[in-house]
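Step one of this worksheet: look at the structure below.
Rule-based calculations on the coordinates, nothing more; no lab input. Quantities reported herein were computed from a predicted structural model and do not represent experimental measurements. Here the Cβ positions follow ideal geometry from the backbone for every residue, glycine too, while neighbour counts run over all protein chains shown.
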2 protein chains.
Amino acid sequence: MKAKVHITLKAGVLDPQGKAIGRALSSLGFAGVGEVRQGKVIELELAETDRAKAEASLRAMCEKLLANTVIENYAIELRP
Amino acid sequence: MKAKVHITLKAGVLDPQGKAIGRALSSLGFAGVGEVRQGKVIELELAETDRAKAEASLRAMCEKLLANTVIENYAIELRP
């Protein structure tokens, strides 16, 4: 089973990387770019074939390692 | 218009970050985790309302700044 975990900063958390990208785009002449925020995607291959078990395991991975839940949200996407 | 740009390493390009995540998951006791790869997501707010123009502009941003097209692929996702 293949999984994608999307990790994004929570609303209100300062995102200096996003800000830097926004400024770089402006200085390259791209106008009309508003807020820019950067997140992560982690793609995993899981041996688990049961959807519910895979999701529970991914949730545990996010809580323990992949995301810093104080400042980050995560979303799990599963494909067989 | 809101846009998401997904940037992933091309197949065959070594991903040390992904490897490190995979090893960390194993050492935390998560079994059955195969290949792990890490990518980026950049969320942008665009003033442009025309879909085709927004996409062309995003494509230019990716080619010039957001992605290193030698080793990375990008995918653009647009929402009104």
B:THR69, A:THR8, B:THR49 arranged by Cβ crowding within 10 Å, fewest neighbours leading
B:THR49, B:THR69, A:THR8
Can you give the relative contact order of chain B as a percent, counting alpha carbon pairs under 8 Å and 6+ residues apart?
52 percent
Taking the label point as lying 7 angstrom from Cα along the Cα-to-Cβ axis, what are the distances from A:GLY34 to the corresponding position in the remaining copies, in ascending order and in nanometres?
4.0
Degrees separating the helix A:51-61 axis from the principal Cα axis of chain A, which is the longest one:
60 degrees
At A:LYS64, with labels set 7 Å past Cα in the Cβ direction, how many nm apart are the copies from this one, shortest first?
4.6
Surface/4 estimate of mean projected area, convex hull on alpha-carbon atoms of chain A, nm²
6.4 nm²
Between copies, how far does the label point of B:ALA75 sit from its twins, in nm, shortest first, when each point is 7 Å from Cα along Cα→Cβ?
1.3
Give me the one-decimal nm value for the distance between modelled label points at B:ALA56 and A:GLU55, 7 Å along each residue's Cα-to-Cβ direction.
4.2 nm
Just tell me which lysines come within less than 30 Å, Cα to Cα, of B:LYS19; anything on the same chain fewer than 8 places away is out.
A:LYS2, A:LYS4, A:LYS10, A:LYS19, A:LYS40, A:LYS53, A:LYS64, B:LYS4, B:LYS10, B:LYS40, B:LYS64
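Suppose only helical runs count, i.e. DSSP H with n ≥ 4. What mean residue ellipticity at 222 nm does that imply for the protein assembly as shown under -39500 (n - 2.57) per run, divided by all residues and rounded to the nearest 500 deg cm²/dmol?
One gets -9000 deg cm²/dmol as the mean residue ellipticity at 222 nm.
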Could you compute the FRET efficiency for B:LEU65 and A:VAL13, with r as their C-beta to C-beta distance and R0 at 22 Å, rounded to 0.05?
0.45
Nearest-0.05 FRET efficiency for A:ASN73 and A:GLU35 at R0 = 25 Å, using Cβ-Cβ distance, is 0.95
